[in-house]
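Single-structure report; data block below.
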Amino acid sequence: MERLQKVLAQAGVASRRKCEDLIREGRVQVNGVTVRELGTKVDPQQDEIRVDGRPIRRESYVYLLLYKPTGVITSLRDPAGRPVVTDLLHGVKQRVFPVGRLDYDTSGLLLLTNDGDMANRIAHPSFEIEKVYHAWVKGVPAMKSIRLLAEGVPLEDGMTAPAKARLIREDTAGGRALLELTIHEGRNRQVRRMCSAVGHPVLALKRIRLGFLTLDGLTPGQYRYLTEDEVARLKRELLVPSPRL
Ligand code: URA
């Protein structure tokens, strides 16, 4: 249970002080009853709270940037009992969910939020958020394969959209190479399928960037809250879909 003015402020209605005024002025209803007592305790998940008759948003929005380690499922629970990404969060009260997904054996940048609209926009290819991956692949791809990855690869669910692909390290002795792939789509196991399709199966995969967000300052398993500036910038970039699609 929490104080009504705190719940109102956290839901973004107004400042704590202004919310206290709203309560005193009789503009706040809890479960259909007008409440004027400042100390009133409410359950933000259960109680129906309205201001001037309009329901408030139940929780404040939070945006977390997690460095997902391998060996963790991008889900809220796993019937097989394996660790899930939300097991890595401590003291986050809001019920956040992952934006898109990284495979069990993929590491890297994963956003979690309780803002469904933002999550849909990030996941939708028409907003053209860049997703950058580092993939260790088997063998050293020739220029022709790299060009194919960039131009489009036929997969069972259709051609991939144009991407950026470059070779960043050749380990000829080790029979492997490190590729950087930048894609806008988010199909299931897309990078792994693209690399396999050009004859270079992925050995290890990490997402290093999502739009302007990077993993800087985090180690696997750590997370941080996005700053207000980052959230504002993300919202600006997600405001208008790409005119090309
Ligand atoms: N592409 C993949 O193949 N796997 C991921 O986890 C992310 C992108």
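The values are calculated or read from the model by the stated rules, or taken from the named source; none is laboratory data. In this text the structure is predicted, and so the values were computed from the model without any measurement. Please note: Cβ atoms are built from the backbone with ideal geometry, for glycine as well, and neighbour counts cover all protein chains shown. In case anyone asks, the SASA skips ligands and DNA or RNA and just uses the protein heavy atoms, side chains included. Shrake-Rupley method; radii C 1.70, N 1.55, O 1.52, S 1.80 Å.
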Report, by residue number, each residue of segment 200-233 that is in contact with a Gly (Cβ under 7 Å, 6 or more places away or on another chain) and either of a type in the set (A, V, I, L, M, F, W, C) or away from the ligand (no atom under 12 Å from the Cβ) (or both). 200, 208, 215
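Can you tell me which of 169, 192, 147 is at pLDDT 95 or above and within 21 Å of residue 101 (Cα to Cα)? Working first, answer last.
Details: 169 fails: within 21 Å of residue 101 (Cα to Cα); 147 fails: within 21 Å of residue 101 (Cα to Cα).
The match here is 192.
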Scan segment 132-188 for residues that are in contact (Cβ under 8 Å) with a residue 40 or more places away in the chain, of a type in the set (S, T, N, Q) and more than 17 Å from residue 210 (Cα to Cα) and jot them down. 145
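For segment 84-103, give me the residue count where each residue is in a helix (DSSP H, G or I) and surrounded by fewer than 16 Cβ atoms within 10 Å (Cβ to Cβ). Before the answer, list the steps.
If we filter segment 84-103 for residues that are in a helix (DSSP H, G or I), which is where we start, we get 85-88.
Retained after the next criterion (residues that are surrounded by fewer than 16 Cβ atoms within 10 Å (Cβ to Cβ)): 87.
So the answer is 1.
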Okay, helices (runs of 4 or more DSSP H) sitting entirely in segment 104-206 with 3 or more residues that are touching a Phe, Trp or Tyr at 6+ places or on another chain (Cβ under 8 Å), I get 116-123
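Run down 170, 185, 180, 151 and say which single residue is within 12 Å of the ligand (Cβ to nearest atom) and either among the hydroxyl-bearing types (Ser, Thr, Tyr) or more than 17 Å from residue 105 (Cα to Cα) (or both).
Numbers: 170 fails: within 12 Å of the ligand (Cβ to nearest atom); 180 fails: within 12 Å of the ligand (Cβ to nearest atom); 151 fails: within 12 Å of the ligand (Cβ to nearest atom).
From the options 170, 185, 180, 151, the qualifying one is 185.
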Per-region count, segment 168-198, residues closer than 20 Å to residue 125 by Cα and of a type in the set (Lys, Arg): 4
Of the numbered conditions (1) surrounded by 13 or more Cβ atoms within 10 Å (Cβ to Cβ); (2) among the charged types (D, E, K, R); (3) under 12 Å from the mean Cα position of the chain (by Cα), residue 117 fails exactly one; give the number of that condition. (1)
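Name the single residue that is nearest to residue 22 (Cα to Cα) among those in segment 43-72 being part of a strand (DSSP E or B) and open to solvent by 30 Å² or more (accessible area, probe 1.4 Å). Step through it out loud before you land on a result.
The initial filter retains those residues of segment 43-72 that are part of a strand (DSSP E or B), namely 49-51, 54-55, 63-68.
If we keep only those that are open to solvent by 30 Å² or more (accessible area, probe 1.4 Å) as well, we get 50, 54-55.
Working: 50: 11, 54: 13, 55: 14 Å.
Among residues in segment 43-72 that are part of a strand (DSSP E or B) and open to solvent by 30 Å² or more (accessible area, probe 1.4 Å), the one nearest to residue 22 (Cα to Cα) is 50.
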Open to solvent by less than 50 Å² (accessible area, probe 1.4 Å), touching a helix residue (DSSP H, G or I) at 6+ places or on another chain (Cβ under 9 Å) and at pLDDT 95 or above: is that true of residue 153 in this structure? yes
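I'm checking my understanding of the structure. Among residues of segment 208-224 that are in contact with a helix residue (DSSP H, G or I) (Cβ under 9 Å, 6 or more places away or on another chain) and of a type outside the set (A, V, I, L, M, F, W, C), which one is nearest to residue 190 (Cα to Cα)? Give the derivation first.
As a first pass, look at segment 208-224 and keep what is in contact with a helix residue (DSSP H, G or I) (Cβ under 9 Å, 6 or more places away or on another chain): 210-213, 221-223.
Applying the additional criterion that residues be of a type outside the set (A, V, I, L, M, F, W, C) yields 211, 221-223.
Values: 211: 18, 221: 23, 222: 25, 223: 25 Å.
The qualifying residue nearest to residue 190 (Cα to Cα) is 211.
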Among the charged types (D, E, K, R), within 17 Å of residue 239 (Cβ to Cβ) and at pLDDT below 95: does that describe residue 78? no
